[in-house]
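Reviewing the structure listed below.
Only the coordinates and a few stated rules stand behind these numbers; no lab work does. Please read all numbers here as calculations on a predicted model, not as lab measurements. We place every Cβ from the backbone using ideal geometry, glycine too, and count neighbours over all the protein chains shown.
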């Protein structure tokens with residue numbers, strides 16, 4: 001597989017102050033550790049590291065570290081820390097490996113093909129495991145783990161134990177762990193809306209909603225019409241029982257007489 005190169009320099013001083021000075025100088029604090037070496041504090045040029053990440057594009061790969069003295073070390077990216085606000089790279093963890101020793105690394109999964117459940121049954125494809133843990137020699141490291149979903153139907157799933165074997169690679173996750181699954185689409189919720197009957201409306205069975213009969217009892221709480229008032233005369237309706245009479249308008253010479261038992265209104269202030 002292709003190897004990438006990255007130039008590193010020794011880093012003097014640790015802590016927040018030293019890290020801030022490095023970042024101001026367009027460098028990223030880093031550390032290199034491994035099974036046979038002591039942790040080593042390093043610094044990486046930010047522009048070179050950003051360019052490297054674009055070339056790697058999320059694939060699992062080995063990186064050859066180049067020092068000023070000419071010494072080299074083989075490693076892979078263990079962890080990258082970024083500022084969630086400024087999106088700047090804060091720290092890099094590099095894990096050193098040996099050519100003849102197996103290593104443990106997380107590799108990204110890559111879905112290939114069009115699922116039968118999505119194409120034919122209208123299902124939705126979901127990825128449950130975006131990265132898997134494997135063990136292999138550096139020369140057998142795959143760029144990603146391919147998951148073919150062509151035969152996957154709605155309600156089905158692909159587990160770690162069902163993945164296509166890769167020569168020299170051992171899967172370390174549980175064999176029953178779900179990697180990809182196809183689920184049914186969410187059901188649409190239908191909301192029923194109640195509609196009040198309209199006078200003269202024709203129902204589905206052909207019946208017509210009749211108008212209320214003359215003399216029919218009024219709805220509870222409706223005001224009764226005054227004696228001698230014509231039907232439909234809204235002004236003739238008497239006030240409800242217990243309601244206070246409306247105060248006469250200011251300047252109205254013909255004030256209405258108070259109802260029986262009602263207290264006279266207080267005279268208006270001059």
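See the values below:
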quantity	calculated
Relative packing of 70-76, 59-65, which averages over residues the other C-beta atoms within 10 Å, highest first	59-65, 70-76
20 °C / 1.002 mPa s Stokes-Einstein diffusion coefficient of the stretch 3-98, Kirkwood radius on C-alpha pairs, µm²/s	157 µm²/s
Inter-part distance where the stretch 95-167 and the stretch 1-64 are each reduced to a Cα centre, Å	28 Å
The stretch 14-70 - Rg and Dmax from Cα coordinates, angstrom	12.9, 33
Relative contact order (%) - the stretch 3-98, alpha-carbon pairs under 8 angstrom, separation at least six	32 percent
Zero-based 5 Å bins, Cα pair distances in the stretch 55-168, whole percents	2, 9, 16, 17, 15, 13, 10, 9, 5, 2, 1, 0, 0
Distance between modelled label sites at residue 86 and residue 104, nm, 7 Å Cα→Cβ extension	3.5 nm
For the stretch 104-183: span of alpha carbons on each principal axis (Å, largest first)	41, 21, 16
